[in-house]
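FYI, it's all coordinate maths here, none of it is from the lab. For clarity, every value in this text was computed on a predicted model and none was experimentally measured. Cβ atoms come from the backbone with ideal geometry, glycine included; neighbour counts cover every protein chain shown.
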Amino acid sequence: MTPGAGVVVVCYGNPLRGDDAVGWRVAESIATDPRLVGAHVMTAHQLLPELAVELGEAGLAVLVDARVGEPPGSISVTHVAPCAERGPFGHHLTPAALAALALAVAGRSADVIVVSVGIESTEPGTGLSHAVAEAVPSVREVVADLVLAHA
């Protein structure tokens, strides 16, 4: 079996807001990684309801995003359970709400793991801070390890 088969990796954030672009940079880094052949790597500005179909068809979903309030360049890995949120339905979802939507739409949801990267700034710009840029190869390794453990 191909290591990335049944895996979706969604790297999201705003590529025009400094360190919030870290997801997009990670996607660029892992898109050609031979260990992730077969994984569907995608970028998005935010988690959207349309991604529920992807999560419903995958066995593993790795979501990569920036995290405010953590030390710049720090990496955290969190397993997420489906959890529908109360309140009006919006176009932006949390990872738990997206997993719950996948469960409702497709009857199942992938195992969802969020890989978060602590960031320094979301000021307008296309460059990453030094600490966040240095973390990108480590995030790629974390994602590859998760995919290989799933295979």
Out of Val136, Val114, Gly59, whose Cα points farthest toward the positive end of the dipole of the chain (charges: +1 Lys, Arg; -1 Asp, Glu; placed on Cβ)? Gly59
With label points set 7 Å from each Cα along the Cα-to-Cβ direction at Ala5 and Asp33, the distance between them in nm comes to 2.0 nm
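If r is the Cβ-Cβ distance from Ala151 to Ala131 and R0 is 25 Å, what FRET efficiency results, to the nearest 0.05? Show your work: numbers first, answer last.
Values: r = 31 Å, r/R0 = 1.25.
In this case the efficiency is close to 0.20.
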Between Ser121 and His79, what FRET efficiency comes out of the Förster formula 1/(1 + (r/R0)^6) with R0 = 35 Å and r the beta carbon distance, rounded to 0.05? 0.80
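Going by average Cβ neighbours within 10 Å, how do the peptides 46-57, 15-26 rank, with the highest at the top? Walk me through the intermediate numbers first.
Working: 46-57: 17.7, 15-26: 22.6.
Top to bottom by mean Cβ count within 10 Å: 15-26, 46-57.
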Range of Cα positions in the range 55-141 per principal axis (Å), largest first: 42, 30, 20
List the residue ranges in the chain for DSSP H helices whose C-alpha atoms run 18 angstrom or more along the long axis and whose Kyte-Doolittle average is 0.0 or above. 130-150
Could you order peptides 78-84, 8-14 by the average number of other Cβ atoms within 10 Å of their residues, highest first? 8-14, 78-84
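How long is the gain from His40 to Ala106 if the chain were fully straight, where each residue apart is worth 0.36 nm and the alpha carbon distance is subtracted? Kindly include the intermediate steps, with their values, before the conclusion.
Working: separation 66, 0.36 × 66 = 23.76 nm, distance 1.80 nm.
The His40-Ala106 span can extend by a further 22.0 nm.
With charges only on Cβ, +1 for K and R and -1 for D and E, what is the dipole size of the range 7-150 about its Cα centre, in debye, rounded to 20? Don't skip to the end; give the middle numbers.
Values: 7 positive and 16 negative charges, 49 e Å.
Magnitude of the dipole: close to 240 debye.
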When a/c reaches 1.5 or more, the comparison of a/b and b/c decides; with that in mind, is the chain rounded, prolate or oblate per its Cα gyration tensor? oblate
